[in-house]
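Down below is the structure, laid out as structure tokens.
The values are calculated or read from the model by the stated rules, or taken from the named source; none is laboratory data. All of these numbers come straight from a predicted model, not from anything done at the bench. Cβ: placed from backbone, ideal geometry, glycine included. Neighbour counts: every protein chain shown. Side chains included, ligands, DNA and RNA excluded: accessible areas come from the protein's heavy atoms. Shrake-Rupley method; radii C 1.70, N 1.55, O 1.52, S 1.80 Å.
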Amino acid sequence: MIPFVDLQAQYRAIKREVDEAIARVVESAAFILGREVEAFEAAFAEYLGAKFCVGVNSGTAAIQLAVTACGAGAGDEVIVPANTFFATAEAVSTAGATPVFVDADPVSHTIDVNKIEAAITERTRAIIPVHLYGQAADLDPVFEIAARHNLSVIEDAAQAHGSLYKGRRVGALGRANCFSFYPGKNLGAYGEGGAVVTDDAEVARRVRLLRDHGSERKYQHDIIGYNFRLEGIQGAVLNVKLKHLDGWNELRRAHAARYRELLSGLSGDGGDGEARALTLPRELPYARHIYHLYVVQTDERDALQKHLTAAGVQTGIHYPVPIHLQPAYASLGHRAGDFPVAEREAARVLSLPMFPELTGEQIERVAEAVRAFAGSQLSAARV
Ligand SMILES: *Cc1c(COP(=O)(O)O)cnc(C)c1O
């Protein structure tokens, strides 16, 4: 079986370093925040070229605190893409604000910057572009719109550790920017984890207060906050793994290039904008994609997934139901047809196995299985 991700293979490659780091935390008994977390915060801020990094206990918590720290709450609206992981919108809601959805761009899968302005009202406080699948959203138009309407930009970089936009690392470019260190992310902890990254000292101070019961000094609580603290073991593991991140991202890029080589005969990606049997992911000119996910598209998605499962290839769907059609947001009153690009993608996307330790032979076997399906199904679907 070819797994979708293989965290055990990664652990075997870094076992000694990681075991030492975890033992250090256990011996020092600094289980919550502490030196290892501080060291990671400093290292990650430096990696991104940002002034501050505040570790929290999930990417969802990071987004919630970023929204609050940017001043959005009850009665306010925050713009989010309709096709992202549920948590992007959910964290807006748990911060007390209302998510307002914008459709996706069909090529980049990220927020369609031409549709943002129509979603802005006098209640809008922030825009959250999501660097979906590891490729940057087109940030410059977002910044331009945000500046014109006096809005904060909050990057959701949960899938984009080390990804570039016009040569600059994403997740350090908005006012408050969010990372997840969920184990399967490109930079993953050994448990839950997340961070808010910012150049704004006041945003950093507010997030630091909010993550720890509104307190900077023990038993003095300046505001009502949360327990969203990052654990010492996660800081220690992340610090070890950060040193490998660029190398791992390079491997992902190489695997993506190999997939493209082996599958491009099926994609017929001639640049004429015509719908093809199998659409491969494309790296946009402004971006350096780090392929958190390798997402292909086809009208025959469900059949292709079934075929691959039978052939021993694990796949994923990111994501099968766009957020505006989730039961949890029924109260917003959206209907099928409101965000047609996001809806079409939800029906067509399929994520192939992608992780740094994927072998050349595994990639060939995946591609072979896709080609076998294409021979029997996709050519018929083409007409
Ligand atoms: C993973 C993810 C999150 C949430 O992060 P958690 O650490 O799981 O809470 C938010 N947004 C996106 C785009 C994600 O992929």
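Of all residues in the stretch 97-119, how many are open to solvent by less than 50 Å² (accessible area, probe 1.4 Å) and among the polar types (S, T, N, Q)? Show your work before the answer.
Step one: list which residues in the stretch 97-119 are open to solvent by less than 50 Å² (accessible area, probe 1.4 Å), which gives 97, 99-105, 108-113, 116, 119.
The next check asks that each one be among the polar types (S, T, N, Q); those that pass are 108, 110.
Qualifying residue count for the region: 2.
For the stretch 305-383, the helices (runs of 4 or more DSSP H) that sit wholly inside it and include 1 or more residues that are open to solvent by less than 10 Å² (accessible area, probe 1.4 Å) are 340-348, 360-373. State yes or no: is Thr110 over 30 Å from Pro353 (Cβ atoms) and within 13 Å of the ligand (Cβ to nearest atom)? Criteria not met by Thr110. When Arg348, Arg335 are checked against the criterion of being in contact with a helix residue (DSSP H, G or I) (Cβ under 7 Å, 6 or more places away or on another chain) and farther than 30 Å from Lys241 by Cβ, a single residue qualifies: Arg348.
Among the residues of the stretch 240-253, are any among the aliphatic types (A, V, I, L, M), crowded, with 21+ Cβ neighbours inside 10 Å and in the same structural domain as Ile363 (by TED's automatic domain parsing)?
Of the stretch 240-253, the ones among the aliphatic types (A, V, I, L, M) are 240, 242, 245, 251.
Checking which are crowded, with 21+ Cβ neighbours inside 10 Å leaves us with none.
Within the stretch 240-253 (the criterion being among the aliphatic types (A, V, I, L, M), crowded, with 21+ Cβ neighbours inside 10 Å and in the same structural domain as Ile363 (by TED's automatic domain parsing)), the answer is no, since none of the residues qualifies.
Results for (1) at pLDDT 95 or above; (2) among the aliphatic types (A, V, I, L, M), shown as yes or no for each residue.
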| residue | (1), (2) |
| --- | --- |
| Val196 | yes, yes |
| Arg205 | yes, no |
| Lys218 | no, no |
| Glu231 | yes, no |
| Leu238 | yes, yes |
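Selection of the stretch 280-289 for residues being touching a residue at least 60 places away in the same chain (Cβ under 8 Å) and either within 16 Å of the chain's Cα centre (by Cα) or open to solvent by less than 80 Å² (accessible area, probe 1.4 Å) (or both) yields Pro281, Glu283, Leu284, Tyr286, Ala287, Arg288, His289.
Go through Tyr319, Tyr219, Tyr226 for me and flag whichever is outside the structural domain of Ser180 (by TED's automatic domain parsing) and of a type in the set (Phe, Trp, Tyr).
That would be Tyr319, the only listed residue that is outside the structural domain of Ser180 (by TED's automatic domain parsing) and of a type in the set (Phe, Trp, Tyr).
Glu27 meets each of the listed conditions (1) within 16 Å of the ligand (Cβ to nearest atom); (2) more than 30 Å from Leu251 (Cβ to Cβ); (3) in a helix (DSSP H, G or I) apart from (1). For the stretch 185-198, a residue qualifies if it is surrounded by fewer than 24 Cβ atoms within 10 Å (Cβ to Cβ) and either within 7 Å of the ligand (Cβ to nearest atom) or not assigned by TED's automatic domain parsing to the domain that holds Asp156 (or both), and the qualifying residues are Lys185, Glu192. Filtering the stretch 207-229 for residues that are within 16 Å of the ligand (Cβ to nearest atom), in a strand (DSSP E or B) and surrounded by fewer than 16 Cβ atoms within 10 Å (Cβ to Cβ) leaves a non-empty set. When the stretch 159-184 is filtered for residues that are assigned to a loop (DSSP other than H, G, I, E, B), open to solvent by 40 Å² or more (accessible area, probe 1.4 Å) and under 23 Å from Ala236 (Cα atoms), only Tyr182 remains.
Contact list please: Cβ distance under 7 Å, first residue in the stretch 1-26 and assigned by TED's automatic domain parsing to the domain that holds Val237 and at negative phi, second residue in a helix (DSSP H, G or I) and open to solvent by 20 Å² or more (accessible area, probe 1.4 Å), pairs at least six apart or on different chains. Pairs that qualify, where the first residue is assigned by TED's automatic domain parsing to the domain that holds Val237 and at negative phi and the partner is in a helix (DSSP H, G or I) and open to solvent by 20 Å² or more (accessible area, probe 1.4 Å), are Ile14/His244; Val18/Tyr11; Ala21/Asn239; Ile22/Ile233; Val25/Glu36; Val25/Ile233.
Annotation note: of Val80, Val107, Val54, the sole residue that is touching a residue at least 40 places away in the same chain (Cβ under 8 Å) and in contact with a Pro (Cβ under 7 Å, 6 or more places away or on another chain) is Val80. Taking the criterion of being open to solvent by 50 Å² or more (accessible area, probe 1.4 Å) and assigned to a loop (DSSP other than H, G, I, E, B), the residues of the stretch 290-304 that qualify are Asp299, Glu300. Of all residues in the stretch 37-96, those satisfying the criterion of being open to solvent by 10 Å² or more (accessible area, probe 1.4 Å), within 9 Å of the ligand (Cβ to nearest atom) and part of a loop (DSSP other than H, G, I, E, B) are Asn57, Ser58, Phe85, Phe86. Can you spot a residue in the stretch 141-153 that is surrounded by fewer than 17 Cβ atoms within 10 Å (Cβ to Cβ), in contact with a Ser or Thr (Cβ under 8 Å, 6 or more places away or on another chain) and assigned to a loop (DSSP other than H, G, I, E, B)? No, the stretch 141-153 contains no residue that is surrounded by fewer than 17 Cβ atoms within 10 Å (Cβ to Cβ), in contact with a Ser or Thr (Cβ under 8 Å, 6 or more places away or on another chain) and assigned to a loop (DSSP other than H, G, I, E, B).
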